[in-house]
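Report on the following structure.
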Amino acid sequence: MEEHRKDLLIIGAGPAGLGAAVYAYRAGLDFAITDKFSAGGQIITTEHIDNYPGFYEDISGYDLMQKITEHVRKFGIAIQEFCEIKSIKEKKSKSKIMKTTGLKQYICESEDKRFVTNTIIIATGAGPKKLGAENEEEFIGRGISFCATCDGALYRDMDIAVIGGGNAAIEEAIFLTKFASKVYIIHRRDELRASKRVQEKAFANTKIKFLLSSEILKFEGKDKIEYIALKNKKTNSTEKIKISGVFEYVGIVPNSSILSGMADMDANGFLITDKNLQTSAEGIFAAGDVRDTPLKQVITAVADGALAATSAEKYIAGFLNNVV
Ligand SMILES: Cc1cc2nc3c(=O)[nH]c(=O)nc-3n(C[C@H](O)[C@H](O)[C@H](O)COP(=O)(O)OP(=O)(O)OC[C@H]3O[C@@H](n4cnc5c(N)ncnc54)[C@H](O)[C@@H]3O)c2cc1C
């Protein structure tokens, strides 16, 4: 196994991890950054971003992340792609380095690499939450998708549904009207959570039909989805709709299991951090969607990365509490 000794290991090369890399570089830290896939994070699956300052003209998530990744690579930072960190352990035996610095050491391992490091930034983000409706697992990849950019074009001239009422759901529904003949937006509440501007765009789109106060009970079909069974939560009535595809945007689940038993999490598994973004495990910081932050966006993830890297630097230097 290849061994690397570092001041800092950044796990995840999405917006939070890449933001951290820029600041770690500027702080002169000897660090590594890994991602289990290629760099970019979950935002590369979205077609249109207009809330990242400086990019007001049409930019896709993929293109925005290409720019951020290029920035990091221009500093000479090698992003270790397809390197999934599978375990984190505290190094128990006290080495010479530990005695002199007094810092804890952690061992993080992927399949073929071992990183021995004093600090870690967990920037592992989140993945899509599932509905939990009957037959859902069976139809994932056979009509159920979590990525409109990846799969939208498969539904040209068909009727499809988007589940959810937040910005991601409504923006992706608008995008899907490029292909589909009709897009149902199915949301369990009687009003949407998306921003007003996004809602207005959706209401003005004649291909979108809203089914509010409704939840999916069951997916049905032979080889692919053909029908969804819906329940209206106000009237308790049920109906069956013929549909070719369903795109789910009902929330996210954090990729935090790597720290199970090591750091405090909230009831949904998001990592709890202090004002310096340190978790309850000394020297381990969290940034972006994986932590219990109230706003989960690219801009907040990048900013978290900057703060986490700055805190890691102060921690290594022995004056973390002076971070303001
Ligand atoms: C459909 C959709 C539309 C969106 N639209 C917008 C928008 O318009 N504007 C906006 O600001 N935000 C938007 N968001 C939210 C935005 O994508 C997230 O807030 C942001 O990507 C969070 O960044 P992150 O770095 O914390 O996590 P992520 O982007 O999830 O990146 C985490 C990275 O960590 C890697 N990873 C995970 N586990 C490991 C491991 N064990 N080892 C190594 N690597 C690992 C993953 O492969 C991933 O690359 C949208 C999200 C979705 C799903």
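Here are some notes:
- Listing of strands (runs of 3 or more DSSP E) fully contained in region 181-279 that carry 3 or more residues being open to solvent by less than 90 Å² (accessible area, probe 1.4 Å) and either free of Cβ contacts under 8 Å to residues at least 12 places away in the same chain or not small (Gly, Ala, Ser) (or both): 182-186, 208-211, 214-220, 227-232, 245-248, 252-254
- Thr310 being away from the ligand (no atom under 12 Å from the Cβ) and open to solvent by 20 Å² or more (accessible area, probe 1.4 Å): yes
- Any pair with Cβ under 8 angstrom, 6 or more apart, that starts in region 1-24 at a residue that is touching a residue at least 24 places away in the same chain (Cβ under 8 Å) and ends at one that is open to solvent by 50 Å² or more (accessible area, probe 1.4 Å) and part of a strand (DSSP E or B): Met1/Arg114; Glu2/Arg114; Glu3/Arg114; His4/Arg114
- Here the condition is being within 16 Å of the ligand (Cβ to nearest atom), over 18 Å from Thr45 (Cβ atoms) and more than 23 Å from the chain's Cα centre (by Cα); of Lys201, Lys178, Lys207, Lys222, it holds for Lys201 alone.
- Which listed residue, of Thr117, Thr149, is within 16 Å of the ligand (Cβ to nearest atom), at pLDDT 95 or above and of a type in the set (S, T, N, Q): Thr117
- Candidate set from region 155-180 (those that are of a type in the set (Asp, Glu) and under 14 Å from Lys201 (Cβ atoms)); member that is surrounded by the fewest Cβ atoms within 10 Å (Cβ to Cβ): Glu171
- Long-range neighbours under 6 Å by Cβ, at least six apart or interchain, first residue more than 7 Å from the ligand (Cβ to nearest atom) within region 32-54, second open to solvent by 70 Å² or more (accessible area, probe 1.4 Å): Ile44/Tyr62
- Test: residue in region 262-276 that is of a type in the set (Lys, Arg), over 26 Å from His187 (Cα atoms) and more than 16 Å from the ligand (Cβ to nearest atom): yes
- Residue in region 89-107 that is under 21 Å from the mean Cα position of the chain (by Cα) and in the same structural domain as Leu277 (by TED's automatic domain parsing) present: no
- Qualifying residue in region 128-145 (condition: in a helix (DSSP H, G or I), in contact (Cβ under 8 Å) with a residue 24 or more places away in the chain, away from the ligand (no atom under 11 Å from the Cβ) and in contact with a Phe, Trp or Tyr (Cβ under 7 Å, 6 or more places away or on another chain)): yes
- So Thr310, is it among the β-branched types (Val, Ile, Thr) and over 27 Å from the mean Cα position of the chain (by Cα): no
The values are calculated or read from the model by the stated rules, or taken from the named source; none is laboratory data. Keep in mind the model is a prediction, meaning the values are calculated, not measured. We place every Cβ from the backbone using ideal geometry, glycine too, and count neighbours over all the protein chains shown. Side chains are part of the model used for accessible areas, which takes the heavy atoms of the whole protein and leaves out ligands, DNA and RNA. Shrake-Rupley method; radii C 1.70, N 1.55, O 1.52, S 1.80 Å.
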